[in-house]
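Inspection log for the structure reproduced underneath, given as structure tokens.
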Amino acid sequence: MKGRVIGIMSFKGGVGKSVSAINLAAGLCKLGKRVLVVDGNFLSPSLHFYLGLLVPEKTLKEVVRGEVGVDSAIYEHKSGIHLLPCNFYKKIDLGKFKKIVDNLRGRYDYIIMDSGPSYTDEIIAILMVCDELIFVATPDYPTLAATVKAAKIAEYKGVQVRGIIVNRKRKGLGLKVGDIEKTVGLSVVAEVPEDVKMIKAVEKFVPVVGAYRWSRSAKVFLDLSKEILESVD
Ligand SMILES: Nc1ncnc2c1ncn2[C@@H]1O[C@H](COP(=O)(O)OP(=O)(O)O)[C@@H](O)[C@H]1O
Ligand SMILES: [Mg+2]
């Protein structure tokens, strides 16, 4: 097994990176794959809150520091996905982080890597370990500008980008898919609607794929998961 590492990225906060990471992981898991989701937002980690793990005792931070083995920092969620959470970690050791993620490739089909919103060392770490990136954007100009910047950096660093998840799409509002694609030079791989089920799922500490599997947003993440499986397997 040689797991593929997919980074979820946007240089903007609150656009839906973490929920996309969790739901993509849950979608791939539902399709029978072994999936680990890693909190790569080292400066403001929060992935564990979305999965009901309010105070993770052992995290990626302690693993990178060599204080604990990786197994004691991996938690299994009832949806089937595995989580490697993080604690606030200012200066991560890039080499050790890469080694740990590379070792985990042997145990998972997919490693979904969440990330923070600022272009700092932590983004360099994410770019170093990912086989591909998926950007997340809301359909507005400030986020579009941030996505253009992210696309330039990915290209400069030579990391493949699958495309853009447009999140919180409301009918008749916001930038059009064609305009986003033309401006960024990447294709939109999923359009996730503004969906109250997404908020309910966050409250229940579960992915929308699963708890609300018939919802519109769950369907989009399942479709994207299928597309990923078909393109790589
Ligand atoms: N499609 C959506 N519909 C409704 N609410 C959403 C949607 N996507 C995200 N949200 C809400 O926005 C919040 C922020 O999303 P999050 O994934 O934490 O953003 P980021 O990781 O980019 O900072 C979530 O807690 C969720 O409640
Ligand atoms: Mg986040």
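The values are calculated or read from the model by the stated rules, or taken from the named source; none is laboratory data. Keep in mind the model is a prediction, meaning the values are calculated, not measured. Every residue, glycine among them, receives a Cβ derived from its backbone with ideal geometry; neighbour counts consider all protein chains shown.
Structure above, values below:
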item	result
Any chance Pro45 is out of contact with any Cys (no Cβ under 7 Å at 6 or more places or on another chain) and not in a helix (DSSP H, G or I)	no
Lys78 over 28 Å from Ala201 (Cβ atoms) and among the charged types (D, E, K, R)	no
Test: residue in segment 41-48 that is more than 13 Å from ligand 1 (Cβ to nearest atom), at pLDDT 95 or above and touching a Leu at 6+ places or on another chain (Cβ under 8 Å)	no
Number of the exception - Asp179 against (1) charged (D, E, K, R); (2) under 18 Å from the mean Cα position of the chain (by Cα); (3) in a helix (DSSP H, G or I)	(2)
Residue count for segment 86-140, restricted to those that are within 14 Å of Pro45 (Cβ to Cβ), touching a Gly at 6+ places or on another chain (Cβ under 8 Å), touching a residue at least 60 places away in the same chain (Cβ under 8 Å) and not in a helix (DSSP H, G or I)	5
Top-ranked residue in segment 182-210 [being more than 17 Å from the chain's Cα centre (by Cα) and among the charged types (D, E, K, R); ranked as farthest from ligand 2 (Cβ to nearest atom)]	Lys182
Residue pairs meeting the criteria (Cβ under 9 Å; at least 6 apart or on separate chains; first within 11 Å of ligand 2 (Cβ to nearest atom), in segment 4-31; second outside any helix (DSSP H, G or I) and basic (Lys, Arg))	Val15/Arg168; Gly16/Arg168
Residue in segment 86-103 that is of a type outside the set (Lys, Arg), loosely packed, with under 15 Cβ neighbours inside 10 Å and closer than 15 Å to Met9 by Cβ present	no
